[in-house]
Amino acid sequence: MAQKRRTKGPGPSQGEDLAADEDFAPTPSASQVQRSLERLSPAQVDQKVSELVQYLLVKDQKKIPIKRADILKNVIKDYRSVYSEIIKRAGRTLQQVFGLQLVEIDPKHHIYILVSNLPRLEVENLKQDDCTAKLGLLTVILSFLFMKGNAAKESAVWEMLRRLRVDPGVRHEVFGDVKKLVTEEFVRQKYLEYNRIPHTDPPEFEFQWGARAAKETSKMQILRFVAKIQNKDPRAWSTQYTEAAAEEAAGGDLFQDISTPGDTGGASQGARRRTR
Amino acid sequence: MATQMTDGHRRFLQVLMSHGIMEGSVARTLHRDCCEIHKVYYAHDKLDDFINVVNIHLQPFFMQIRKGMSEDDGRTYYALVNLAETEITKMASDYTENELELFRKTMDVIIISESGFASSTDILNLADQLKTKKMKKKEAEQVLQNLRDGEYTLHTRCIMEMEQYILSNYQDLVRKCNICHSLAIQSQVCETCGIGMHLPCAGKYFKAQTEPHCPHCNEFWPHEIPEINRPDSQLPSSAPRERRRTPSSGTRRR
């Protein structure tokens, strides 16, 4: 907190050019990006990349997914025409320095999260705090959902939790408003999906794994967790084991990996092999 | 010396990021584990070099892994700190504007005080003042509820992160330790010439001297000399986020 830094925009003539580009299609072609890049000094672009890295780290602290619109408004600003290059480099930097991967979990609305790239360990050494308890609760819910065939009615989830003495209707000593935590916070953080079941009146809802859950853990890891608790071999659940093994083999990565060279920033979709 | 980041460095950084601050022996253990897991070159006395590699790569983001000392027990701590305040870093706070304001005012009281402490009564009064200006009644009551009786001072992490800011903003109002020349929030002070020392620094300097004298003016040093513990413990530190002390009179015997 030593000195205040003022972000420097591009010079007057460059600003005009870039502003004009703003009116064009959201994904400029690679050659357009190249031309815009050439007009800017490397230092200016580097600074934007650093700012974006900081922004992504700060925003990801709360585990709220980051929207492209916010990135453009708060960081990129006049550098829109080279957005795809900046975000590509930011993704690369996050990997190289922090071991974090920038993942686009919603290619349509351009929403990102950060996920650790490093191999998972048995014991992670991360700080244990109030959030750890919430993650424990979440793990139980994710396990339940997977074992029930990847989805479960809201009522079934509450029933299961009540048996563990976590009642959505009662204020919990550690979790507080349980219903709010599960249906709002976990959903906002993309750990869970909470969807209305069609053709139900009165409306009923069901839970599924969210995009972040799919990235931060895997079916196999959750199955192993369940197996450990029940002191059985994971293969005892043949359906789930087959499904988990298939996910592992396929790489399971249905979302865009920002740091792949040659990306034009969210334009293409496709399955990718997950690096381990 | 290699300046490339490895997965060992990255894991160290990720774990330190999640803790914020880490005691020296814990950091050393983490260093060893990270190197072991990722098969990176490891030398047990080269933690600072290891950290330097990370710091080189953190420079563009105005972040740094800094090494500091606890004013309490003289132990070494490592913390990930922010070096500059920008539009972006301002978005990082977990606290409301009013909570931050209260913290700033509390920090003021702590720094300007002779003892380096602010009592819970002081803080209640500050919250009260804010209540009349902008803090909602409900917010102020929340603060009062959470505040326990006792004296408050700045956590090691705060001192490490804000040292530059405090030194430049408070200038002559704050003391630097005569021995290690770092910022001293709490110190023993020479009654004659006014120089100050961290308690652990005084403990080390005056170790086993029957008649301690001020290193500056040579007058008899009137304070109780703190005993220094050998920080050999391999146990992880359990420093809580906010620190609370029972009211003390002057210096502490350890």
Write down the radius of gyration of region A:114-198 and its Dmax, each obtained from C-alpha positions, in Å. 13.9, 43
Please compute the net charge surrounding residue A:157, taking Lys and Arg as +1 and Asp and Glu as -1 over other residues with Cβ under 10 Å from its Cβ. 0
Length-normalised contact order for region A:61-149 - Cα pairs under 8 Å, 6+ apart - percent: 24
Please rank A:194, B:78, B:41, fewest neighbouring Cβ atoms within 10 Å first, as an exposure proxy. B:41, A:194, B:78
Take the Cβ-Cβ distance between residue A:43 and residue B:39 as r, set R0 to 30 Å, and report the resulting FRET efficiency rounded to the nearest 0.05. 0.25
Residue A:177 to residue A:128: FRET efficiency via 1/(1 + (r/R0)^6), r the Cβ-Cβ distance, R0 25 Å, to the nearest 0.05? 0.65
Counting other C-beta atoms within 10 Å, which of A:38, A:85, B:139 has the fewest, and how do the rest follow? A:38, B:139, A:85
What fraction of the Cα pairs in region B:160-226, stated in percent, has a spacing above 15 angstrom? 50
Using only the alpha-carbon atoms, what does region A:65-222 span along each of its principal axes? Please give whole angstrom values in decreasing order. 52, 42, 29
With the dipole of region B:37-128 worked out from charges on the C-beta (+1 for Lys and Arg, -1 for Asp and Glu) around the Cα centre, which of B:125, B:100, B:57 lies farthest toward the positive end? B:57
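Values in this text are rule-based calculations from the coordinates and carry no lab data. Given the structure is predicted, the values throughout are model-derived calculations rather than measurements. Note: ideal-geometry Cβ built from the backbone for every residue, glycine included; neighbour counts use all protein chains shown.
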